1. Using a/c under 1.5 as the rounded threshold, could you call the stretch 41-99 rounded, prolate or oblate? The axes a ≥ b ≥ c are square roots of the C-alpha gyration tensor eigenvalues, and prolate needs a/b larger than b/c, oblate otherwise.
2. Give, rounded to the nearest 20 debye, the magnitude of the charge dipole that the stretch 32-109 has about its Cα centre when Lys and Arg contribute +1 at Cβ and Asp and Glu contribute -1 at Cβ.
Amino acid sequence: MGNEMVWPSRELVIQQEESTLALKAELHRYIIEQLEEDGLMFEMERQEMQPHVHDYVRQYFQQHKELNQHLNIQDLVTELMDEIVGFGPLQNLLDDPNIDDILINGPEKHLC
């Protein structure tokens, strides 16, 4: 009885997911603003833009030290790049040479 594992409540998991989504949305807006301010938004290819986005993400977290930085920075940069100059969550599927078709059956379900 004393060794029972305590699982986080579904409510806590949902709050963490919503918090992460809100952080990503705010960070996305910040990155777009920085790219536009620096005149880089429409001037670079993805590979050229990625180091700038990585720097902007680091700057954002330095300015907002109170944020819980539990996210992997490189994964976050990749997601942001996919959203800014790609097709968002579909980009990794489009880049996969083994996938011929993508069927979308709602906002949460897609089949390859």
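The numbers here are math on the coordinates, done by the rules we state, and not lab data. Model, not experiment: these values are computed from the prediction. With ideal geometry, Cβ positions are generated from the backbone for all residues, glycine too; neighbour counts draw on all protein chains shown.
1. On the way: a/c = 3.00, a/b = 1.58, b/c = 1.90.
Note, shape of the stretch 41-99 comes out oblate.
2. Numbers: 4 positive and 18 negative charges, 65 e Å.
Roughly 320 debye for the stretch 32-109.
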